[in-house]
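Since the structure comes first, as structure tokens, the remarks are kept for the end.
The values are calculated or read from the model by the stated rules, or taken from the named source; none is laboratory data. The shown structure was predicted, so the numbers you read here are calculated from the model rather than taken from an experiment. In this analysis, Cβ positions are derived from the backbone assuming ideal geometry, glycine residues included, and neighbour counts consider all displayed protein chains. We work out accessible area using only protein heavy atoms, side chains counted, and drop any ligands, DNA or RNA first. Shrake-Rupley method; radii C 1.70, N 1.55, O 1.52, S 1.80 Å.
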Amino acid sequence: MSLPGLLRAGQDRGVPVEREGSLLASFFADREKGSEAVSPVAIVWPCPLAVDAYVASGRDVGFPRPACPLCAGPLVFWSGYRRYVRAAGRCRKIFVPRLRCARCGVSHALLPAFVLAWRLDVAETIGSVLAEVAGGVCGVRPAAERAGVPYTTARGWVRRFRARAGEVGVAFAALAVELGGQAVTPPAGAGRFALAAVGAAFAAAAGLPGWRRLGAWRFASSVTGGRLIAANTTSPWFTVGRRRFMPPIPP
Ligand SMILES: [Zn+2]
């Protein structure tokens, strides 16, 4: 079946990857049905692997096993699912493990940092478009063409980023300071402020072991739990305060 066909058929956890609302609805449906409860908040780990290397490793990626983000209790690997990602114009299927907390009775998806929750395209692709458009380099159409993504998809990312830019800027500026980095002087415009703040936080994190090689957009995905441009988000910034701020796996 073609990728669009698969997405329509909803084989990525029963939902198309780019329709957030329906994914949230499915989480709550899961709960209501009394089946294994699924956390609406994915854990994003700072995976340094190239997408190809991650795909090739299958289930043998050296996955971390963080504490439960809800209760800090131990998690155990609990099956997983496959979903698509698009990198450099190619779609690949990746394995996403689930971790289960016996105490909470909840399982959490463990996403690699090159993924943003519910987005098909990798964080670097989305970030390059946001940096160009919100940074005032060019309009959406040339940025989308360069990134090899549909114009409407890129426009959606930019709209979402702009809608949340104030909040994103404040959170990343705070994180930059928390990590010992520079205070961010807000440039004119919320979009540019958000970009500057992400850059400042990443620059500060890059002084800590392991982060530099991830790049700014995997870093941004990691600390927001993949919700950099998510809608209807419960405040993602509780993830900035250490709870999911995991150090990368050493190379
Ligand atoms: Zn728990």
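Taken as a whole, the structure leaves CYS138 outside the set of residues that are at pLDDT below 95, surrounded by fewer than 20 Cβ atoms within 10 Å (Cβ to Cβ) and out of contact with any Lys or Arg (no Cβ under 6 Å at 6 or more places or on another chain). Selection of segment 185-215 for residues being in a loop (DSSP other than H, G, I, E, B), of a type in the set (A, V, I, L, M, F, W, C) and open to solvent by 30 Å² or more (accessible area, probe 1.4 Å) yields ALA188, LEU208. Taking segment 59-90 as the range and being open to solvent by less than 50 Å² (accessible area, probe 1.4 Å), within 30 Å of GLU145 (Cα to Cα) and not aromatic (Phe, Trp, Tyr) as the test, the residues that pass are ARG83, VAL85, ARG86, ALA87.
Looking at segment 166-174, can you tell me whether even one residue there is in contact with a Lys or Arg (Cβ under 7 Å, 6 or more places away or on another chain), open to solvent by less than 70 Å² (accessible area, probe 1.4 Å) and either at pLDDT below 90 or farther than 27 Å from ALA154 by Cα (or both)? Taking every residue of segment 166-174 in turn, none turns out to be in contact with a Lys or Arg (Cβ under 7 Å, 6 or more places away or on another chain), open to solvent by less than 70 Å² (accessible area, probe 1.4 Å) and either at pLDDT below 90 or farther than 27 Å from ALA154 by Cα (or both). Only strands (runs of 3 or more DSSP E) whose full extent lies in segment 59-135 are considered here, and the ones with at least 1 residues that are within 19 Å of ARG227 (Cβ to Cβ) and within 16 Å of the ligand (Cβ to nearest atom) are 90-101, 106-112. Within segment 39-46, is even one residue within 16 Å of the ligand (Cβ to nearest atom), hydroxyl-bearing (Ser, Thr, Tyr) and either at pLDDT 50 or above or not in a loop (DSSP other than H, G, I, E, B) (or both)? Looking for residues that are within 16 Å of the ligand (Cβ to nearest atom), hydroxyl-bearing (Ser, Thr, Tyr) and either at pLDDT 50 or above or not in a loop (DSSP other than H, G, I, E, B) (or both), one finds at least one in segment 39-46, hence yes.
Can you confirm whether ALA154 is under 22 Å from PHE114 (Cα atoms), assigned to a helix (DSSP H, G or I), open to solvent by less than 50 Å² (accessible area, probe 1.4 Å) and modelled with pLDDT of 95 or more? Against the criterion (under 22 Å from PHE114 (Cα atoms), assigned to a helix (DSSP H, G or I), open to solvent by less than 50 Å² (accessible area, probe 1.4 Å) and modelled with pLDDT of 95 or more), ALA154 qualifies.
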